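Below is one structure; the comments refer to it alone.
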Amino acid sequence: MSITIRLVSIMVDDQAKALDFYTSKLGFEKHADVGAGDYRWLTMIAPAGSSDIELVLEPNQNPTGKAYQTALYEQGIAATAFFTDDFDAGYERLVGLGVRFVGEPKEEPWGKYAVLDDTCGNLIQLQQVYSYDK
């Protein structure tokens with residue numbers, strides 16, 4: 001038996017706003033957009049990633065999900081991390097598009113990172129990893 005990751009969910013407070021941010025700012029591509037009652041089954045794929053791995057933009061209408069999302073945000077904890085092979089260029093591009101970062105970029109022995117606000121209730125870490133061995 002083999003196990004793979006196909007779907008990863010992130011809670012969002014507004015699916016339409018999230019779709020706009022993730023496509024126009026982060027460059028994700030819409031993969032699935034299917035009506036599901038009052039909400040949508042809305043998935044994205046990363047422009048440089050595998051089309052087999054989808055990011056689900058989940059509506060945060062579930063009180064437990066909303067509480068979790070709010071607690072992470074209030075504590076300054078990123079809900080997830082996205083990786084880039086050129087942190088400096090990616091960071092400058094996003095700043096130029098008006099993306100708000102929480103604090104300045106940081107460099108560690110393993111790589112560089114900065115945390116951005118996705119405008120939908122989440123902090124997201126953008127990072128470039130040199131090596132986890134350092």
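Each value in this text was obtained by applying a stated rule to the coordinates, not by laboratory testing. What you are looking at is a predicted structure, and each value in this text was computed from that prediction instead of being measured. Neighbour counts are summed over all protein chains in view; Cβ atoms, including those assigned to glycine, are modelled from backbone coordinates with ideal geometry.
Residues whose amide H lies under 5 Å from that of GLU54, counting only those 5 or more places away or on a different chain, are LEU7, VAL8; hydrogens are built 1.01 Å from N in the peptide plane. In sequence order, the range 7-12 has phi-based couplings of 10, 10, 9, 9, 6, 9 Hz under the Karplus curve 6.51 cos²θ - 1.76 cosθ + 1.60, θ = phi - 60°, and Gly or Pro positions carry x.
When the Cα positions of MET1, SER131, ALA67 are compared along the charge dipole of the chain, ALA67 comes out farthest toward the positive end, with charges on each C-beta of Lys, Arg, Asp and Glu. Under a model in which nothing but the beta-carbon of Lys, Arg (+1) and Asp, Glu (-1) is charged, the range 8-66 shows a dipole of about 120 debye around its Cα centre.
Between the amide H of TYR130 and those of GLY111, LYS112, distances stay under 5 Å, these residues lying 5 or more places away or on another chain, with hydrogens modeled in the peptide plane. Derived scalar couplings between HN and Hα for the range 120-132 equal 10, x, 10, 9, 10, 8, 9, 8, 10, 9, 7, 5, 7 Hz in order, rounded to whole Hz, by the Karplus curve 6.51 cos²θ - 1.76 cosθ + 1.60 (θ = phi - 60°), x for Gly and Pro. Subtracting the Cα-Cα distance of GLN61 and TYR132 from 0.36 nm times their residue separation leaves 21.9 nm of extension gain.
Sequentially through the range 98-108, phi angles give Karplus couplings (6.51, -1.76, 1.60; θ = phi - 60°) of x, 5, 8, 9, 9, x, 8, x, 10, 10, 10 Hz, Gly and Pro residues having no value and appearing as x. Taken about its Cα centre, the range 7-129 carries a charge dipole of roughly 180 debye when the Cβ of each Lys and Arg holds +1 and the Cβ of each Asp and Glu holds -1.
Comparing TYR113, TYR39, TYR91 in a Gaussian network model of the chain where C-alpha atoms under 10 Å apart are linked, the largest mean-square fluctuation is found at TYR39.
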